[in-house]
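Working notes, beginning with the structure itself.
The values are calculated or read from the model by the stated rules, or taken from the named source; none is laboratory data. Keep in mind that this is a model prediction, so the values were computed, not measured. Neighbour counts are summed over all protein chains in view; Cβ atoms, including those assigned to glycine, are modelled from backbone coordinates with ideal geometry. Heavy atoms of the whole protein, side chains included, go into the accessibility calculation; ligands, DNA and RNA do not. Shrake-Rupley method; radii C 1.70, N 1.55, O 1.52, S 1.80 Å.
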Amino acid sequence: MLNIILFGPPGSGKGTQAQLLREHFKLLHISTGDIFRSEIKNETVIGKEVKQYLDAGKLVPDELTIRMLGNYADSNLKTEMQGIIFDGFPRTVPQAEALDDFLANKNSSINVVLSLEVNDEELVKRLINRGLTSGRSDDSNEEVVRNRLKVYYNQTAPLADFYLAQKKFVSIRGVGTIDEIFAHLCDEMNKLS
Ligand code: ADP
């Protein structure tokens, strides 16, 4: 299996690039943010529980996030898929450890972490802009957007060290056209095989 993590702050373009990588490399795309938004939309018990966190731009507790991820991967991974692209997961060290265990159970592991680098002012601009059309409550309010960045730097950015220690962390310039960034990501992916 080819398992990759698309890493980077909110608004860095993970979702856009994950879709392109999914198609090109025949991967299962797992976005924990999309899973949570779908639960909220369908008004499930889990949706009701996680809504407060998404609205405030806070992380959903690890235990619930890890369980959702495992269930989603187990029911959506098909034999024709070459592996998984993780988008928005892991976001904490306990999530990264749980992911290693989850993949080890499948005799697999993370091949590479591709980190999209974008400066803060560009991120805030992109997120507020997305809020105008996405209908996402967490994009529409500048205070929530800035809180998400703070949460990212405090809780998620330290994961870079976790993957640097495993020699799996690669930085990619996340500013430029979608095609340019995709080409850089593909170059890194092609180094793997
Ligand atoms: P973005 O990358 O733009 O912040 P996401 O769709 O990845 O958007 O995440 C939206 C929200 O979903 C987060 O602010 C958080 O509340 C919740 N979420 C998504 N993934 C995780 C995760 N791995 N752990 C905890 N909470 C998460």
Original post:
If you check Asn154, Asn119, Asn141, Asn111, which single one turns out to be of a type outside the set (Val, Ile, Thr) and under 14 Å from Asn3 (Cα atoms)?
Top reply: Asn111
**OP:** Answer yes or no: is there a residue in region 56-72 that is surrounded by fewer than 21 Cβ atoms within 10 Å (Cβ to Cβ) and more than 13 Å from the ligand (Cβ to nearest atom).
**Re:** yes
**OP:** Read through the list (1) modelled with pLDDT of 95 or more; (2) away from the ligand (no atom under 14 Å from the Cβ), then give the number of the only condition that Thr79 fails.
**Re:** (1)
Subject >> Odd one out for Phe162, checked against (1) modelled with pLDDT under 95; (2) more than 23 Å from Leu127 (Cα to Cα) >> reply: (1)
Subject >> Only one of Ile30, Ile85, Ile40, Ile35 that is among the hydrophobic types (A, V, I, L, M, F, W, C) and open to solvent by 40 Å² or more (accessible area, probe 1.4 Å) >> reply: Ile40
Subject >> Residue pairs meeting the criteria (Cβ under 7 Å; at least 6 apart or on separate chains; first without any contact (Cβ under 8 Å) to a residue 40 or more places away in the chain, in region 53-79; second open to solvent by less than 60 Å² (accessible area, probe 1.4 Å) and of a type in the set (Gly, Ala, Ser)) >> reply: Ile66/Ala98
**OP:** Tell me which residues, restricted to region 34-48, are within 24 Å of Ile85 (Cα to Cα) and more than 10 Å from the ligand (Cβ to nearest atom).
**Re:** Ser38, Glu39, Lys41, Ile46, Gly47
**OP:** Kindly list, by first and then second residue, each pair from a residue in region 117-137 that is exposed (fewer than 15 other Cβ atoms within 10 Å of the Cβ) to a residue that is among the basic types (Lys, Arg), limited to pairs with Cβ atoms under 7 Å and residues at least 6 apart or on different chains.
**Re:** Glu117/Arg173
**OP:** For region 141-179, enumerate the residues that are assigned to a helix (DSSP H, G or I) and within 17 Å of Gly15 (Cβ to Cβ).
**Re:** Val145, Arg148, Leu149, Tyr152, Thr156, Ile178, Asp179
